[in-house]
Each structure stands twice: as structure tokens, then as C-alpha cells.
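Scroll down for the structure; my scribbles are underneath it.
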Amino acid sequence: MTFIRYFGNYRNMEMESAIQALSALAQDSRLRVFRLLVRQGPDGMAAGDIARELDLPASTLSTHLSVLSNAGLVGSTRHSRSIVYAVDAAAIRGLLGFLVEDCCQGRPEICSPLLDSVLAGCCAPAASADCREPSNNGVIQ
């Protein structure tokens, strides 16, 4: 089950998913990896390039990418001999939506511009043509 599927189901599952995602981001190197992938957009970045850019050992990066992937924040695709990682914009939108869903005393029209402005450069809300959807195991296809 992917991260985004938890949102809108049961409150406790939403809470568990949000905690897992926020926990994944609560570590310096993982947060740097995540922010780098956000900057890369839907095309993502090869694992080796991430390691070089952030000066991380491959084994350490692998662990960090696994944690981010298990939290539903990133997915991967194989391109020849490389594995390319990219953020899951729908999951990020879901997490941010969860965090502000009770914002402004239940008046979503006030908070909607917040989400739209934060994610404007990443992906449109309803999966634009540039966004890739995660498969059942969280891997972006």
C-alpha cells in the first residue's frame, strides 16, 4: 500500500503514515536527499549522482533512500544500469494536506492557496502529464 492511499481512509492510518513520513525527514542526510530530489522534479536523479552531489557513501545513501521510499516520499525506476529516484508529488501533497486539513477552522479555501503555492513547481494537484504515479509497491512507473 502506498503512502497516498492512507490519506482519506481511516484517521489512525493517516496519523501513522504522517508520522512515518515526518520521521523519515527528521534526519539531516535524509532531509538533504529529499530536498535535492524535490529540486530535481519528476525526472529525479540517479543514486550515484545523489551520492556524489551530497558526498554520501553509497551504502549510507542506500539506507536513506530505503527509509524515504518506505515512507512513501520517493520512488525509483531502473534506467539501464542506474536506479533513478524521484519524489512522489502526490504523497507530498497528501502529507501537506493532512498537516493543514484542520487549518483555519475547517475552511479549506483559505489553506488551498498555501498548498498550491508550495507545490506549484512540483506537480499539479490532479496528476498532471509530467507527474508519475506510484505503483502498488511505491515504485514510480
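Only the coordinates and a few stated rules stand behind these numbers; no lab work does. Everything numeric in this text was worked out from a predicted model, so none of it was measured. Neighbour counts run over all protein chains shown; Cβ positions are idealised from the backbone, glycine included.
Along the Cα→Cβ direction, 7 angstrom out, place labels at Ser117 and Asp49. What is the inter-label distance in nm?
The modelled label-to-label distance comes out at 3.1 nm.
Which distance in nm do the two modelled labels at Val100 and Arg39 give, with both placed 7 Å along the Cα-to-Cβ direction?
About 2.4 nm, to one decimal.
Need the full-extension length gain, Arg81 to Ile110, defined as separation in residues times 0.36 nm minus the C-alpha distance. One decimal, nm.
5.8 nm
For the ranges 55-62, 95-102, what's the packing order if you count other beta-carbon atoms within 10 Å of each residue, average per peptide, and put the highest first?
Going by the mean number of other Cβ atoms within 10 Å, highest first, we get 95-102, 55-62.
What does the charge count around Arg35 come to, taking other residues whose C-beta lies under 13 Å from its C-beta (Lys +1, Arg +1, Asp -1, Glu -1)?
Spelling it out: positives minus negatives among the neighbours equals +1.
Per residue, what volume in Å³ does the convex hull of the Cα atoms of region 3-119 enclose?
101
Val74's amide H: which non-local residues (gap 5+, or another chain) put their own amide H closer than 5 Å, with H modeled 1.01 Å from N in plane and none for Pro or chain starts?
Distant-sequence amide H within range of Val74: Ser69, Asp88.
Quick one: which residues, 5+ away or cross-chain, put their amide H under 5 Å from the amide H of Ala46? H built at 1.01 Å from N.
Tyr85
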